[in-house]
Amino acid sequence: MINRNIPFVDLHSQYLSIKPEIDAAIADVIGNSLFVRGPYVEKFEHAFAELMQSKYCVSCGNGTDSLYISMIALGLKSGDEVIAPAHSWISTTETITQAGGTVVFCDTDKQTFTIDPDLIEAKITNKTVGIIPVHLFGQPADMDPIMAIARKHNLWVLEDCAQAHLATYKGRQVGTFGNAASFSFYPGKNLGAMGDAGAITTNDRALAERMAKFARHGGLTKGSHEIEGINSRLDGMQAAILSVKLKYLADWTRSRQERAKRYTEQLAAIRDVETPFVADGRASVWHLYVIRHSDRDGLARYLAEKGIPTVINYPVALPFLPAYKRFGHRPEEFPNAHYNQSRILSLPIYPELLNDDLDYIVAQIAQFS
Ligand SMILES: Cc1ncc(COP(=O)(O)O)c(C=O)c1O
């Protein structure tokens, strides 16, 4: 078999598939010189809120900002504790610290990689103010028990939907459960801009206003600085590009789901490979297709030699990162996140991935195992 050169994410193919529309949208923004905020941004905010089944959308510079802005608007103060999963991208927790809070890690479920609701209550103290469930890799967190705990203890819930646009839990879209939901449009995300971009959705009008105010130098109109804020804006070009791509998101999601199904059917027969587990009632949008293997590093090296790139999302679980050395966390406190960090491997998955390439990837994994 001749080696191939399969990309991990194929942004260029996606662009080519909608090139005339994207090129026209960019030309339109340049022609009108509407580069920051303005009608392109408003149009996208409305369309995104509608697709995400939320009343309000506040766009911003990136997904990390969307978490930070949300927590400031939710009223996070110095000393407040926020519970977050041990397995995520660092944006989920670095923003808790940036907003003045204290990160409290909770282990994830071994199979779904999402926060384990059975472990949350033991983490609650009189300083706890909120929970950030992360719909990791595209699979929703177990939202019913999380929301029940939040209601019982009067905590806010901020859903980190950076990897899960359009994922559903018991038929209901992620982002509609908590007080607010944060989204990333980093280029490789399921809905990706051509640069950095992010947004927050919520049904709470007052909260949306506080978010918008903080993100725009503390005032909703130019010159009215009621508070000190930050500058975190979606620009017109990214908004116009995202408006084009938004129309295709449902189709692209279905394509990801078909590819994940094909992977799982074929990989199931291969010894030593654990395919991703999706819990009952949850529909993943497969931002990442993450297998587990006892010789993960050997498999990754072997696949690289065969022209198949893989990624580890993420090589070190959050509590064990140098950034959190101050907590002195030990592996036995987060056994599942610790177990998974040495076994997980993300295979290429995107709507444009050819079945033939996917079958080649599976064949190479079978060769190794
Ligand atoms: C789970 C999660 N949260 C937050 C973010 C932050 O998004 P951004 O890269 O747009 O700042 C990401 C993106 O990588 C993510 O995967």
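The values are calculated or read from the model by the stated rules, or taken from the named source; none is laboratory data. Given the structure is predicted, the values throughout are model-derived calculations rather than measurements. Neighbour counts are summed over all protein chains in view; Cβ atoms, including those assigned to glycine, are modelled from backbone coordinates with ideal geometry.
Data for the structure
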| read-out | value |
| --- | --- |
| Scan of the range 162-173 for residues that are surrounded by 21 or more Cβ atoms within 10 Å (Cβ to Cβ) and either within 21 Å of ALA206 (Cα to Cα) or of a type in the set (Gly, Ala, Ser) (or both), ordered by number | ALA162, ALA164, ALA167 |
| Criterion (on the phi > 0 side of the Ramachandran plot and within 14 Å of the ligand (Cβ to nearest atom)) met by exactly one of GLY188, GLY195, GLY223, GLY281 | GLY195 |
| GLN98 vs. criteria within 16 Å of the ligand (Cβ to nearest atom), modelled with pLDDT of 95 or more, surrounded by fewer than 20 Cβ atoms within 10 Å (Cβ to Cβ) and closer than 30 Å to PHE334 by Cβ | yes |
| Members of the range 206-243 that are assigned to a helix (DSSP H, G or I) and surrounded by fewer than 17 Cβ atoms within 10 Å (Cβ to Cβ) | ALA206, GLU209 |
| Any hit, the range 44-54, residues being assigned to a helix (DSSP H, G or I) and polar (S, T, N, Q) | no |
| Flag for THR112 being buried (at least 19 other Cβ atoms within 10 Å of the Cβ) and either modelled with pLDDT under 95 or within 16 Å of the ligand (Cβ to nearest atom) (or both) | yes |
| Count - residues of the range 130-176 that are on the phi > 0 side of the Ramachandran plot and away from the ligand (no atom under 15 Å from the Cβ) | 4 |
| Candidates PHE334, PHE327 - the one that is over 23 Å from ALA260 (Cα atoms), surrounded by fewer than 21 Cβ atoms within 10 Å (Cβ to Cβ) and over 20 Å from the mean Cα position of the chain (by Cα) | PHE327 |
| Subset of the range 31-49 [more than 30 Å from ALA181 (Cα to Cα) and surrounded by 13 or more Cβ atoms within 10 Å (Cβ to Cβ)] | ASN32 |
| Within the range 284-332, considering residues that are touching a Lys or Arg at 6+ places or on another chain (Cβ under 8 Å) and of a type in the set (D, E, K, R), the one farthest from the ligand (Cβ to nearest atom) | LYS306 |
| Options VAL82, VAL104, VAL129, VAL134: the member that is modelled with pLDDT of 95 or more, in contact with a Gly (Cβ under 7 Å, 6 or more places away or on another chain) and more than 30 Å from LEU34 (Cβ to Cβ) | VAL82 |
| Residue that is under 30 Å from ALA212 (Cα atoms) and buried (at least 18 other Cβ atoms within 10 Å of the Cβ), where the choices are ILE22, ILE6, ILE26 | ILE22 |
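Let's see how each residue does on (1) within 16 Å of the ligand (Cβ to nearest atom); (2) over 21 Å from the mean Cα position of the chain (by Cα); (3) of a type in the set (D, E, K, R):
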| position | (1), (2), (3) |
| --- | --- |
| PRO20 | no, yes, no |
| ALA27 | no, yes, no |
| PHE35 | no, yes, no |
| ALA49 | no, no, no |
| GLN53 | no, no, no |
| VAL82 | yes, no, no |
